[in-house]
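What follows is a short report on a single structure.
The values are calculated or read from the model by the stated rules, or taken from the named source; none is laboratory data. It should be emphasised that the depicted structure is a prediction, and the values quoted were computed from it without experimental measurement. All Cβ positions, glycine included, derive from the backbone under ideal geometry; neighbour counts span all protein chains shown. The protein model used for the area step is the full one, side chains on, heavy atoms only, and it has no ligands, DNA or RNA in it. Shrake-Rupley method; radii C 1.70, N 1.55, O 1.52, S 1.80 Å.
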Amino acid sequence: MNYTLHQLQIFLKIVQTESVTRAAEELHLTQPAVSIQLKNFQDQFEIPLTEVLGRKIYITDFGREIAEAAENIINQVYAINYKTSAYKGQLSGRLKISVVSTGKYIMPYFLADFMKQHSEIELLMDVTNKNKVVESLVNNEVDFALVSILPDTLKIEKLDLLQNKLFLVNDMKTKFKKGVSISEIFTDSPLIFREKGSGTRQTMVSFIERNNISVLKKMELTSNEAVKQALLAGLGCSIMPLIGIRSELQNNELQIIPIKGLPIKTTWSLIWLKGKKHSPVSLAFLDYLKKEKAQIIQDNFSWHEQY
């Protein structure tokens, strides 16, 4: 056996994502490089670690046992590195955060200075939809999660960070008469939804149902960026978080349609499981946010109050 730590990391990521392509993306490597390392790792075992059926990769039972062992080895290596840093008086460790997709527009601003102050900390931030964010929290895979809708099935604690505003948005070419109703808009223009499991979609659907609005034409896309590009192309309208369309509004590429009942207001909150035993790193991050939150908002999100 002559496998490397790098190969263990790659194989573990493949098992976690169940995809060579996604593993390559998350590790910032090329797909061929990941495939080669997987083959070199596999060649050291007489029993298959993976199976490929069609275009999908499946992990064998033996492969999952090896992945579990690989994770333990990697964690021990991290522990050695962290103990070395701690011995030198530096705060070190891993900070793991799961963020709903629109949260990628705000979370980096709450992390930047903290990470600069503590260069020995390793940040792992997963950006996905709300359902997967909550799942990672339930499985205790992360220290914190950033959401705009609190999960109602979990006992959690939270730190509110920033107000989230959602407006009805369309491209600049489409003209609306003054006082047009939202029902009229949705009759003439397709409404673009996020995918199921998205917090933005949940907020949008709740608003529609609460106001008994009929939506005749629908379209579903799997990311806020995809929705934004569809809006710019004139494919329809959507209810979108303000935080993700700042540039397009300033560049007069998208317009907010004033409608009674909008904007919908929620709150971006950093949440964690009630009773969770925080690491020194996660405790330090919480303390930092409590002290610096107001200044971070003033420095980076004052424009938000204009809408």
Task: Residue selected from the range 101-131 under the condition more than 13 Å from Ala284 (Cβ to Cβ) and of a type in the set (Phe, Trp, Tyr), by the criterion most open to solvent (accessible area, probe 1.4 Å) - done: Tyr109
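Table: residues versus (1) of a type outside the set (D, E, K, R); (2) assigned to a strand (DSSP E or B); (3) surrounded by fewer than 10 Cβ atoms within 10 Å (Cβ to Cβ).
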position	(1), (2), (3)
Trp268	yes, yes, no
Ile271	yes, yes, no
Lys276	no, no, no
Leu283	yes, no, no
Leu286	yes, no, no
Lys290	no, no, no
Gln298	yes, no, yes
Glu305	no, no, yes
TODO: Looking only at the range 132-145, decide whether some residue is under 12 Å from the mean Cα position of the chain (by Cα), in contact (Cβ under 8 Å) with a residue 12 or more places away in the chain and surrounded by fewer than 20 Cβ atoms within 10 Å (Cβ to Cβ).
DONE: yes
TODO: May I ask you to list the residues in the range 1-43 that are within 16 Å of Ile59 (Cα to Cα) and not in a helix (DSSP H, G or I)?
DONE: Glu18, Ser19, Asp43
TODO: Being in a loop (DSSP other than H, G, I, E, B) and open to solvent by 50 Å² or more (accessible area, probe 1.4 Å) is the filter; apply it to the range 45-56 and report the residue that is farthest from Glu71 (Cα to Cα).
DONE: Gly54
Task: Residue that is most open to solvent (accessible area, probe 1.4 Å) [pool: residues in the range 209-243 that are free of Cβ contacts under 8 Å to residues at least 12 places away in the same chain, more than 23 Å from Met172 (Cβ to Cβ) and outside any loop (DSSP other than H, G, I, E, B)] - done: Arg210
- [ ] For the range 247-254, indicate whether the set of residues that are under 23 Å from the mean Cα position of the chain (by Cα), open to solvent by 70 Å² or more (accessible area, probe 1.4 Å) and on the phi < 0 side of the Ramachandran plot is non-empty.
- [x] no
Open item on the list: Yes or no: the range 133-144 includes at least one residue that is at pLDDT 95 or above, assigned to a strand (DSSP E or B) and in contact with a helix residue (DSSP H, G or I) (Cβ under 9 Å, 6 or more places away or on another chain).
Closed with: yes
Task: Members of the range 194-208 found to be outside any loop (DSSP other than H, G, I, E, B) and either crowded, with 22+ Cβ neighbours inside 10 Å or polar (S, T, N, Q) (or both), listed by number - done: Arg194, Gly199, Thr200, Gln202, Thr203, Met204, Ser206
Task: Pairs with Cβ under 7 Å, 6+ apart, first in the range 278-305 and within 19 Å of Ser119 (Cα to Cα), second of a type in the set (Gly, Ala, Ser) and open to solvent by less than 20 Å² (accessible area, probe 1.4 Å) - done: Ser279/Gly93; Pro280/Gly93; Val281/Gly93
Task: When residues of the range 165-192 are limited to those that are basic (Lys, Arg) and open to solvent by 20 Å² or more (accessible area, probe 1.4 Å), the one farthest from Cys237 (Cα to Cα) - done: Lys178
- [ ] Determine, yes or no, whether Ile245 is modelled with pLDDT of 85 or more, in contact with a Phe, Trp or Tyr (Cβ under 9 Å, 6 or more places away or on another chain) and of a type in the set (A, V, I, L, M).
- [x] yes
